[in-house]
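Single-structure report; data block below.
The values are calculated or read from the model by the stated rules, or taken from the named source; none is laboratory data. Values in this document were obtained by computation on a predicted structure and should not be read as measured data. Note that we place each Cβ from the backbone using ideal geometry, even for glycine, and neighbour counts take in every protein chain shown.
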Amino acid sequence: ERGRLSRLRHKPAVTLDGQRVDLLANIEMPEDTIGAVKAGAVGVGLFRSEFLFMGREAHNLARLPDEEEQYQAYRRAVDGMKGMPVTIRTIDVGADKPLDGKQQREDYHLNPALGLRAIRWSLADPAMFLTQLRAILRAAAHGEIHLLIPMLAHVSEIRQTLSLIDFARAELDNRGAVHGNVKLGAMIEIPAAALTLKTFLKYFDFLSIGTNDLIQYTLAIDRADESVAHLYDPAHPAVLRLVAETIAECRRQGKGVSVCGEMAGDVVFTRLLLGLGLRSFSMHPSQILAVKQEVLRADTSKLEAWAQEVLESENPAAALVRT
Ligand code: PEP
Ligand code: MG
């Protein structure tokens, strides 16, 4: 099967009815771009930048990577993708991605998934956030970078984030540093965000659906808690409805939308997502060829009505295996 799949590596991902589909890679380190290119990814849909900050030697914990170190890392990722776009997500630490040292706050254990993580953490430490933003904007002078913000829910957070991005640009201008343009995107991974898409689309160029957290927060299932793992259900009708509406609203407004959670790399969901109108999937590079095979076999004109039926179904998981 692997050998057969590898023949698909250089084949464009186009459906039977001629729809082009972007299959992108999720990466955690700049060096992961090697595997992404090998797998035939047409870009990076999610660079989880927190991995640059995590697992550092104990003596380094007090010092997060400085601007230059981050700039070099983002630039290596851009160079590694050889002109293809790279979506860099700003730091998402906290909860399932502990950073140690920085997080020894008294309230840390209360409920980390609902606590100070991702953009909340960045907005609580603007100097740290600005350092990352400057590094990303500088790397954008060398290739196409899309800047992606995790875990937004409130319009106040959106506004603060955008003004910090402007401020980072102004800081670079003031010191005469070269920087480039970025497309701005938001992760849709909190139900509140999926239910206020108009606000998000007013401020952002594209959206990326983080199903891992969207499932966690929609179903109130801690994604890291084994004792409730059997209830962590990507096919729950409520989850599918939020995913479907996000895709549909972006398409109505002509904005880019992709899925970068595990659902994007799970072949069980490929046809459903295509039927819902998704044309951009970002996943672990090891999944790209298997998903491409599903894309090559799919006829989206036939999948649309079926996808709506699955959405309406009481038990979508059963509908997905049956067909
Ligand atoms: C997600 O939540 O689906 C996602 C892609 O981000 P992460 O898994 O890094 O939280
Ligand atoms: Mg997430």
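Quick look at the values:
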{"item": "Check on GLN103, away from ligand 2 (no atom under 13 Å from the Cβ), polar (S, T, N, Q) and at pLDDT below 85", "result": "yes"}
{"item": "Candidate set from region 188-203 (those that are within 15 Å of ligand 2 (Cβ to nearest atom) and part of a helix (DSSP H, G or I)); member that is surrounded by the fewest Cβ atoms within 10 Å (Cβ to Cβ)", "result": "ALA192"}
{"item": "Options SER313, SER258, SER282, SER286: the member that is among the hydroxyl-bearing types (Ser, Thr, Tyr) and surrounded by fewer than 14 Cβ atoms within 10 Å (Cβ to Cβ)", "result": "SER286"}
{"item": "Among the candidates GLY94, GLY55, GLY45, residue that is buried (at least 21 other Cβ atoms within 10 Å of the Cβ), of a type in the set (Gly, Ala, Ser) and modelled with pLDDT under 95", "result": "GLY94"}
{"item": "Hey, ILE215 within 14 Å of ligand 2 (Cβ to nearest atom) and within 25 Å of GLU157 (Cβ to Cβ) or not", "result": "yes"}
{"item": "So ALA224, is it surrounded by fewer than 16 Cβ atoms within 10 Å (Cβ to Cβ) and within 14 Å of ligand 2 (Cβ to nearest atom)", "result": "yes"}
{"item": "Matching option when the condition is among the acidic types (Asp, Glu) and within 16 Å of ligand 2 (Cβ to nearest atom), among ASP96, ASP166, ASP173, ASP125", "result": "ASP96"}
{"item": "Selection count, region 131-148, where residues are touching a Phe, Trp or Tyr at 6+ places or on another chain (Cβ under 8 Å) and either within 16 Å of ligand 1 (Cβ to nearest atom) or in a strand (DSSP E or B) (or both)", "result": "2"}
{"item": "Selected residue (only one of ILE221, ILE215 is within 12 Å of ligand 1 (Cβ to nearest atom) and in contact with a helix residue (DSSP H, G or I) (Cβ under 6 Å, 6 or more places away or on another chain))", "result": "ILE215"}
